[in-house]
Amino acid sequence: MANLGYMQLVRGCNQYCRFCSNPASGYMLDLPTAQRQVDDFVARGYFGVILTGGEPSLSPIVPEVARYAADRGLHVRMITNGSQLAKDGLAERYRDAGLSCFHVSIHTARAELEDFLTGVKGSFALAMRALERLGAVGATVNINTVINKYNADHLDETVMALTGRFDFLRHFVWNNLDPSMGRAETNRDTAPRLADFELSLARAMRHLHRSGRSFRVERVPLCYMTEFAHCSTETRKIIKGEERIVHFLDTKGTVRQTDFRHPKADVCQRCSLDGICGGLFERGDHYDLAELHPVFVDPQPIVDRVLADPD
């Protein structure tokens, strides 16, 4: 198992994404608390820690936390919008502190649309500069994308544009939008239907697969990604029996997640992949269970592939 813990370093952000599930607040993690959280991950035998926020690069203790975690044997990653990393020297500073992997959030390769989604004019240009800086220091760089109504029809276009410009990008992560948390509750125009992204997601996955790259998909039921079921985050955690701990900087506190199954329709009981499918992520009233349908493929090759993958 490769359990990864999440630590929110700050709840402030320098962007205003229309679908953010962690709206900004004044909360900021202090170093002693961060170190205790790292110690807890180590005691639990976790593989690594993911620094997140808000925008974690706004925290002044990133190098200290990264160095402490790396010295304790944890793999250290960061989820970031990249705006701070566009600055001179920060990528080198983080790398030297032991922060070896960056998940840069980019939701579309269409500059004006990215700026609209993030609420900040010029955010796409900053993200591109951050990728250049990270690539120059030899960091491992992944792309995180929230699937939403505005990018649902061109996920493949974004993948091809980014990999064409930055050959060092080897891994992509798609997170289907949670329509019931944060700003998405207000900006209901951002929430897609499953059918909205089915084709473009399939084309994006096939392009990455053909190019030898890897990817993960979160909150998408297997009937919408049967061809690449082994790349579902929930499916992998169900098969491997993994868990996830998130230290939130709000009233949720620390959350330990061991069950990665979400609501399912009656038809799911007839699906051959029911036992390894996370179902339809649903905490609100947007996604329709009627969009789910059974598939009839042998689940064992999927299980074998997940277990054989070193991840």
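Pairs of Cα atoms under 8 Å, at least six residues apart: use those to get the relative contact order of the stretch 4-308, whole percent.
16 percent
For a label point 7 angstrom out from the Cα of Glu185 toward its Cβ, which stretches of the stretch 1-23 have the backbone nitrogen within less than 20 Å?
11-13, 16-23
Report the label-to-label distance for Thr251 and Asp88 in nanometres (one decimal), using points 7 Å from each Cα along the Cα→Cβ vector.
It works out to 4.6 nm between the two label points.
Tell me which residues come under 5 Å, amide H to amide H, from Phe215 once H is placed; ignore anything under 5 positions away on its chain.
It is Phe172, by chain and number.
Which whole-Hz ³J(HN,Hα) couplings does the stretch 262-271 yield from phi under the Karplus relation 6.51 cos²θ - 1.76 cosθ + 1.60, θ = phi - 60°, glycine and proline marked x?
Working through the residues one at a time gives 10, x, 10, 8, 4, 5, 5, 5, 8, 7 Hz.
Would you work out which of Thr118, Leu169, Ile61 lies farthest towards the positive end of the dipole of the chain, given +1 charges on the beta-carbon of Lys and Arg and -1 on that of Asp and Glu, about the Cα centre?
Selected residue: Ile61.
With both partners inside the chain, how many of the DSSP beta bridges are antiparallel, as a percent to the nearest 5? Don't skip to the end; give the middle numbers.
On the way: 5 of 38 bridges.
Restricted to the chain, the bridges split so that about 15 percent are antiparallel.
When the helix-only estimate is applied to the chain (DSSP H runs of n ≥ 4, each -39,500 (n - 2.57), divided by the residue count), what is the mean residue ellipticity at 222 nm, nearest 500 deg cm²/dmol? Mind showing how you got there, number by number?
On the way: 9 runs with 97 residues, N = 311.
When only DSSP H runs of four or more count, the value is -9500 deg cm²/dmol.
How big, on average over all directions, is the shadow cast by the Cα convex hull of the chain, in nm²? Write out the running numbers ahead of the final one.
Working: hull surface 59.0 nm².
Approximately 14.7 nm², given one-decimal rounding.
Show which lysines lie in cross-link reach of Lys240 when reach means a straight Cα distance below 25 angstrom and same-chain residues fewer than eight apart are skipped.
List returned: Lys264.
Identify the chymotrypsin sites (Phe, Trp or Tyr not before Pro) of the stretch 31-91 meeting these criteria: DSSP loop state and at most 15 other C-beta atoms within 10 Å of the C-beta.
Counting only loop positions with at most 15 other Cβ atoms within 10 Å, the chymotrypsin sites (Phe, Trp or Tyr not before Pro) in the stretch 31-91 are Phe47.
Once you put a point 7 Å from the Cα of Asp40 and another 7 Å from the Cα of Asp266, both along the Cβ direction, what distance in nm separates them?
Label at Asp40, label at Asp266, 4.2 nm between them.
Between Asp153 and Asp288, what is 0.36 nm times their sequence separation minus the Cα-Cα distance? Round to one decimal in nm. Please report the intermediate quantities before stating the final value.
Numbers: separation 135, 0.36 × 135 = 48.60 nm, distance 1.90 nm.
Extra length available between Asp153 and Asp288 comes to 46.7 nm.
Could you tell me what percent of the DSSP beta bridges with both partners in the stretch 1-113 are antiparallel, to the nearest 5? Mind dumping the intermediate values first?
Details: 1 of 14 bridges.
Roughly 5 percent of the DSSP beta bridges within the stretch 1-113 come out antiparallel.
Rule-based calculations on the coordinates, nothing more; no lab input. Quantities reported herein were computed from a predicted structural model and do not represent experimental measurements. Reconstructed Cβ throughout: ideal geometry from the backbone, glycine too, with neighbour counts over all protein chains shown.
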